[in-house]
1. Quick check on A:Gln47: is it under 26 Å from A:Ser15 (Cα atoms) and not acidic (Asp, Glu)?
2. If I filter region B:397-416 down to residues being at the interface with chain A (Cβ under 7 Å from one of its Cβ atoms) and closer than 20 Å to B:Glu334 by Cβ, which single residue comes out as most open to solvent (accessible area, probe 1.4 Å)?
3. List, please: which pairs have Cβ atoms under 6 Å, are six or more places apart or on different chains, and start with a residue in region B:1-26 that is more than 7 Å from chain A (Cβ to nearest Cβ) and of a type in the set (Val, Ile, Thr) and end with one that is in a helix (DSSP H, G or I) and open to solvent by 10 Å² or more (accessible area, probe 1.4 Å)?
4. Only residues that are assigned to a loop (DSSP other than H, G, I, E, B), modelled with pLDDT of 90 or more, hydrophobic (A, V, I, L, M, F, W, C) and surrounded by fewer than 18 Cβ atoms within 10 Å (Cβ to Cβ): list them for region A:235-292, please.
5. Would you mind finding the one in B:Glu182, B:Glu177, B:Glu221 that is open to solvent by 80 Å² or more (accessible area, probe 1.4 Å), on the phi < 0 side of the Ramachandran plot and among the charged types (D, E, K, R)?
6. Check off (1) hydrophobic (A, V, I, L, M, F, W, C); (2) farther than 25 Å from A:Lys37 by Cβ; (3) more than 7 Å from every other protein chain (Cβ to nearest Cβ); (4) open to solvent by less than 20 Å² (accessible area, probe 1.4 Å) for A:Phe148 and give me the number that stays unchecked.
7. Could you list, in sequence order, all residues of region A:75-101 that are in contact with a helix residue (DSSP H, G or I) (Cβ under 7 Å, 6 or more places away or on another chain), over 27 Å from A:Ser24 (Cα atoms) and not in a helix (DSSP H, G or I)?
8. For B:Leu376, indicate whether it is farther than 14 Å from B:Glu423 by Cα and among the hydrophobic types (A, V, I, L, M, F, W, C).
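The values are calculated or read from the model by the stated rules, or taken from the named source; none is laboratory data. In this text, all values refer to a predicted model and were calculated from it rather than measured experimentally. Using ideal geometry, Cβ is built from the backbone for each residue, glycine included, and neighbour counts are taken over all protein chains shown. Just so you know, the surface numbers come from the protein's heavy atoms only, side chains and all, with ligands and any DNA or RNA stripped out. Shrake-Rupley method; radii C 1.70, N 1.55, O 1.52, S 1.80 Å.
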Amino acid sequence: MKHQLSQLKQLEAESIRIIRDAYSQFENPVMLYSIGKDSGVMVRLAQKAFFPGKVPFPLLHIDSTFKFKEMIQFRDRFCKEEGLDLLVHSNEEGRAAGANPFDLGSRKYTDLMKTQALLAALDHHKFDCAFGGARRDEEKSRAKERIFSFRDQHHQWDPKNQRPELWANYNARVNPGESVRVFPLSNWTELDVWQYIRLENIPIVPLYFAKKRPVVNRDGMWVMVDDDRLPLDGEVPEERMVRFRTLGCYPLTGAIESEADTVEKIVEEMMTTRLSERSTRAIDRDGDASMEQKKREGYF
Amino acid sequence: MDIDQFLNQHENKSLLRLLTCGSVDDGKSTLIGRLLYDSKLIFDDQLSALHADSERIGNAGDGEIDYALLLDGLKAEREQGITIDVAYRYFATPKRKFIIADTPGHEQYTRNMATGASTADLALILIDARLGVITQTKRHTFLVSLLGLKHIVVVVNKMDLKDYAEDVFESIKADFEAFSSELDMPNVTFIPISALKGDNVVAPSKNMAWHAGEPLLPILEEVDVAGGINTDDFRFPVQLVSRPDLNFRGFAGTIASGTIRPGDLIKALPSLKESTIKRIVTADGDLDEAFAPQSIMLELNDEIDISNGEMIVHAENLPHISTHLEASVVWMTEAPLKAGQTYIIRQTSRTTKAKVSDLNYQVDVNTLQKHPTEELQLNEIGRIILTTHLPLFFDPYIRNRETGSFILIDPITNTTAGAGMIERHLSDDKPASKSTDRREFLWEQGLVTPGNRAQRNRHKGKWVLFIGDESQTHKLAKDLEYKLFNKRLQSYYLGLSNLSEGLEADIGDNFWDREEHIRRIGELGRILTDAGLIFISSLERVDDYDLTRLKALNSPNELLVISIGECAVDEKHIDLQLEGGGTAEERIKTIESELDRHTGLPEYNI
């Protein structure tokens with residue numbers, strides 16, 4: 001018998017090890033759940049890490065109030081079926097004040113309803129460890145991210161002062177108020193994620209699959225009219241076969257025209273179009289290195 | 001091939017983790033960019049963004065793509081034009097998936113290279129064909145050797161700027177082999193390339209048809225990666241204990257090395273209690289066999305108390321269990337390491353306190369000289385003795401990377417202060433110490449005392465060690481032996497190369513075995529001088545630390561160090577410095593008077 005694991009099995013084993021390691025070292029961990037495909041994979045890995053027991057920490061979803069309706073429906077059904085403990089947090093002051101991306105702009109809105117909401121939730125529950133589904137291959141500034149990424153009392157990430165990370169000896173020491181973001185999927189690529197979803201039959205939000213949906217064209221980006229809060233300046237939504245490569249707030253997430261309605265077709269499309277996934281997110285277009293800026297501020 | 005086959009193939013690829021090390025401007029980022037580009041995994045929009053960036057801050061010149069811009073992630077670095085932290089890159093070919101740890105070439109970032117090397121199976125060492133082997137090349141090679149990488153590919157880049165000349169490549173190869181022989185490197189592969197032009201990166205170079213070997217990418221695709229994992233010693237550090245209900249208790253962890261099967265007899269550490277494996281549990285069903293690096297849960301047939309941070313091993317194959325160990329350490333933080341300080345140590349799944357009981361020396365990575373020191377500064381590498389609060393379960397790093405490695409955490413700042421590689425264990429009942437007090441205390445003497453011998457011989461036992469210019473030391477040492485012998489003194493010359501097939505047949509002639517080499521010679525000196533001899537020898541490549549050790553090992557007897565010509569040791573260790581010139585006769589006279597001054601030859605005094 002050849003004692004060698006395939007690359008995907010190696011990634012799975014490494015992720016399980018990271019999740020168990022963090023759970024054993026921290027006092028009060030939480031798993032950030034974005035409802036996206038990477039979150040789906042991360043949750044499955046957590047279930048495997050503790051099998052036959054249950055996932056021993058809660059999931060936290062930051063509801064920015066402009067998520068796709070289908071995402072919220074999927075979230076509630078998935079967590080109920082899988083017996084997961086779900087926490088949902090929104091910036092209630094922002095919601096009361098009617099915060100929206102149209103008046104505030106994507107940067108200000110995201111900071112208020114995602115970043116600030118997340119930080120408030122982490123502070124409120126005093127979590128010292130937050131698992132995130134980020135991958136290093138997603139975006140340039142993430143290539144240097146640690147697997148255990150230290151955040152100070154203000155949840156700031158200092159790229160110049162990261163803790164060295166050697167072998168699989170992760171440093172989980174923090175003082176009160178400080179925390180660590182743990183990224184079990186650091187070494188996965190987008191292709192790995194899709195293959196794992198296919199292999200493991202992991203349920204994902206139907207928005208990833210192509211379907212006729214009502215959209216309007218905004219600066220070359222197809223925006224879905226998910227509810228009546230999207231201001232239409234004389235535009236008439238049209239029905240197009242579209243799908244989403246990433247999921248977030250519907251006014252900020254562009255759809256792509258596609259016929260791909262299975263995982264296999266999505267991968268085929270991905271390999272042929274070679275359009276990297278973040279190109280459909282408005283947030284990356286706010287100037288060069290904007291993701292790095294947001295990370296320093298506490299968002300990821 | 002359809003998409004199903006494509007995905008299944010992707011899933012079942014092997015994985016190679018590689019480290020790239022190079023200096024500023026030797027084209028490392030360009031090479032990685034080229035690998036990513038040529039393997040066609042750079043997505044189109046990243047490419048179009050790249051074209052825009054190249055026009056603004058690129059260094060490649062008009063119209064050319066600056067591949068390096070694909071890599072430098074952080075804004076500040078991009079504007080300085082240098083990479084300053086470890087970045088991880090991903091690409092795949094139909095045969096294999098690759099993870100590249102891209103590390104900077106700057107002197108102050110030794111820690112980043114050690115970080116990248118710690119998870120890598122293979123190192124790419126870049127050399128600029130215009131500059132050849134430089135100090136940084138030596139430093140990188142030393143670190144790669146220290147971190148125990150099994151595969152090394154030396155890439156001589158920018159061959160296009162040297163007209164693709166074979167003799168340029170051959171001469172760099174010879175230089176590299178000359179200095180790396182000291183480091184006990186595994187098989188090293190050399191490739192001449194031009195990353196910018198694409199020669200020998202993916203396809204064979206037409207410009208360098210004289211090079212018979214394969215291009216870089218095929219080599220990376222074919223290297224055997226399985227060799228890096230220890231398959232012999234089953235080590236299972238327990239991460240957590242799972243008790244979902246009263247009927248199940250499982251020990252979760254990742255196999256660090258070796259294999260395990262149901263029915264295997266195991267021991268739990270540190271309790272040494274025995275049991276057998278009942279089941280190997282995973283979410284995908286029970287396994288008949290599991291091996292490193294699988295993450296599994298073990299259920300035992302007996303109720304044994306095992307906690308997080310303890311270890312399960314095969315009953316007949318135990319690691320060292322000890323609170324004392326000797327280790328090499330790379331220091332990674334501003335506050336220096338000092339003997340007497342206490343840190344938090346994290347090794348496998350275990351956390352405890354560790355006190356640095358001794359700081360033996362610091363290694364100058366440029367010259368491989370060892371220097372006794374009081375402090376180890378940021379980016380310095382040294383050898384330490386640790387005493388831990390709880391016992392650790394470990395193997396030497398060279399045998400097992402997983403159980404032989406650790407990090408030291410500063411208890412005040414919580415930062416990762418040091419990275420350690422365990423060299424050997426030191427038994428608990430013989431606490432580690434550089435002093436030879438214990439040996440002397442237990443030394444058993446016959447009926448003849450050293451005083452009796454000195455009276456009979458007309459001199460004390462003494463060690464005369466020649467260092468420095470090898471073309472002169474051997475000859476002079478033998479002349480001295482002969483001269484003293486003719487004066488009826490008990491002189492004895494020993495050629496230390498005589499030991500290599502005898503007393504030292506089990507150790508190598510390289511940097512890593514140097515410590516043991518010195519220990520054996522030192523102990524030998526202690527015995528021969530105790531026997532009353534004037535023991536004469538000459539030693540090559542000595543440094544300050546070697547001389548400090550030899551003096552300590554030979555004590556209470558005296559060591560006289562005679563240096564000839566240039567020698568890279570502190571003059572405080574040298575008793576007599578002989579310059580070039582003078583006849584052999586005159587030189588022996590000078591040495592004799594020095595012996596006299598040290599009262600080594602009582603006949604002249606009485």
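1. Numbers: under 26 Å from A:Ser15 (Cα atoms): yes; not acidic (Asp, Glu): yes.
Spelling it out, A:Gln47 is indeed under 26 Å from A:Ser15 (Cα atoms) and not acidic (Asp, Glu).
2. B:Thr415
3. Taking only residues 6 or more apart or on different chains, the pairs are B:Thr20/B:Lys28.
4. The one that is assigned to a loop (DSSP other than H, G, I, E, B), modelled with pLDDT of 90 or more, hydrophobic (A, V, I, L, M, F, W, C) and surrounded by fewer than 18 Cβ atoms within 10 Å (Cβ to Cβ): A:Val236.
5. On the way: B:Glu182 fails: open to solvent by 80 Å² or more (accessible area, probe 1.4 Å); B:Glu221 fails: open to solvent by 80 Å² or more (accessible area, probe 1.4 Å).
Just one listed residue meets the conditions, B:Glu177.
6. (2)
7. If the condition is that a residue be in contact with a helix residue (DSSP H, G or I) (Cβ under 7 Å, 6 or more places away or on another chain), over 27 Å from A:Ser24 (Cα atoms) and not in a helix (DSSP H, G or I), then A:Ser90, A:Asn91, A:Ala99, A:Asn100 are the ones that fit.
8. On the way: farther than 14 Å from B:Glu423 by Cα: yes; among the hydrophobic types (A, V, I, L, M, F, W, C): yes.
Criteria met by B:Leu376.
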